[in-house]
1. Evaluate E = 1/(1 + (r/R0)^6) for residue 164 and residue 97, where r is the Cβ-Cβ distance and R0 equals 35 Å; express this FRET efficiency to the nearest 0.05.
2. Report, by chain and number, residues whose modeled amide H sits under 5 Å from the one on residue 226, excluding near sequence neighbours (fewer than 5 apart, same chain).
3. Can you send over the carbon and sulfur percentage of the accessible area for region 7-92, probe radius 1.4 Å, protein chains only?
4. Quick one: what are the phi-derived ³J(HN,Hα) couplings along region 144-152, Karplus 6.51/-1.76/1.60 with θ = phi - 60°, whole Hz, x for glycine and proline?
5. Under the rule of -39500 (n - 2.57) per DSSP H run of 4 or more residues, summed and divided by the residues of the chain, what mean residue ellipticity at 222 nm is obtained, to the nearest 500 deg cm²/dmol?
6. Let me check I've understood the local charge: for residue 101, count other residues with C-beta under 15 angstrom from its C-beta, Lys and Arg +1, Asp and Glu -1. What total comes out?
7. On alpha carbon coordinates alone, what is the Rg over Rh value for region 80-209, Rh being the Kirkwood radius?
8. Relative to the first principal axis of the alpha-carbon coordinates of the chain, what is the inclination of helix 131-143, with its axis defined by its Cα atoms, in degrees from 0 to 90 and to the nearest 10?
Amino acid sequence: MNKETPKEYLRFNTIERIQHVILFTTFLLLSFTGWALKYPEQTVEHSSWLVKIWGGAKNAGIVHRIAGITMLLNFAWHVLYLAYMLSTGKMKLRKDTTIIPLPKDVMDAVKNILYFLGLGKEKPQFGRFSYIHKFDYWAVFWGMGIIGLSGFFLAFPVQSSYFFPSWSVNWIWEVISIMHSDEALLAIVFILFWHFYNEHLKWNKFPMSMTWITGKISIEDMKREHPLEYKLEFGDKGDNK
């Protein structure tokens, strides 16, 4: 590697890392308090234990609402931040660096599955974000739309009631409650089996990728995991000895 190629590459800046910390912190708070609130009447030991941690269901509800509002504000901040970065040209839409799903991502997923099954000879070449990252990222938007909106309605039922017609009052709150609870459970399972594995348990990441703390990725990891982005940023100069 020549002197022009750095040893590390800045993958996420400070603002993006702060947004991520707020996101996963509020997510953990919502998961633990939400689970306790979902089954407060049960005598199941783990549920009773979770309720007691927060000092009772009332306190758990307060923490849950504060965490939920904080998460929604953080999400709004992220969307505004993206709009600012795009409008100022600090973020550019390029096929090898965009987080937007592309037809190539579908082909990459198929090619990756065939490779792991021994039916393909080559692994797909990823840019800044693979199909795994993109699915992980856009799942947050889906969750915010369903869990966030339904949670807002449940947190402020009096104010929210003005949005619903009178003929729906007998069933709308049950629907909203089910949407919020079941979609939250799906989010917990998704994070546990998808995100946690890819960023913590994979052989080259265990016990976790440090990128979320430092924002940096080594050039060697970049060449291996994001070869298209590496070529875009450095060309072939980093391969020179």
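The values are calculated or read from the model by the stated rules, or taken from the named source; none is laboratory data. Remember, it's a predicted structure, so these values are computed and weren't measured experimentally. Note that each Cβ is placed from the backbone with ideal geometry, even for glycine, and that neighbours are counted across all protein chains shown. Heavy atoms of the whole protein, side chains included, go into the accessibility calculation; ligands, DNA and RNA do not. Shrake-Rupley method; radii C 1.70, N 1.55, O 1.52, S 1.80 Å.
1. Details: r = 42 Å, r/R0 = 1.21.
Using R0 = 35 Å, I get an efficiency of 0.25.
2. Here the answer is none, since no amide H 5 or more places off falls under 5 Å of that of residue 226.
3. Values: 3910 of 5500 Å².
Its accessible area is 71 percent carbon and sulfur atoms.
4. Per residue, the Karplus-derived 3J(HN,Hα) values read 5, x, 8, 5, x, 5, 5, x, 5 Hz.
5. Working: 11 runs with 141 residues, N = 241.
Result for the chain: -18500 deg cm²/dmol, rounded to the nearest 500.
6. Values: positive: 94, 95, 104, 128, 134; negative: 96, 105, 108, 136.
My count for the surroundings of residue 101 gives +1.
7. Values: Rg = 19.8 Å, Rh = 18.0 Å.
Ratio of gyration radius to Kirkwood radius for region 80-209: 1.10.
8. 20 degrees
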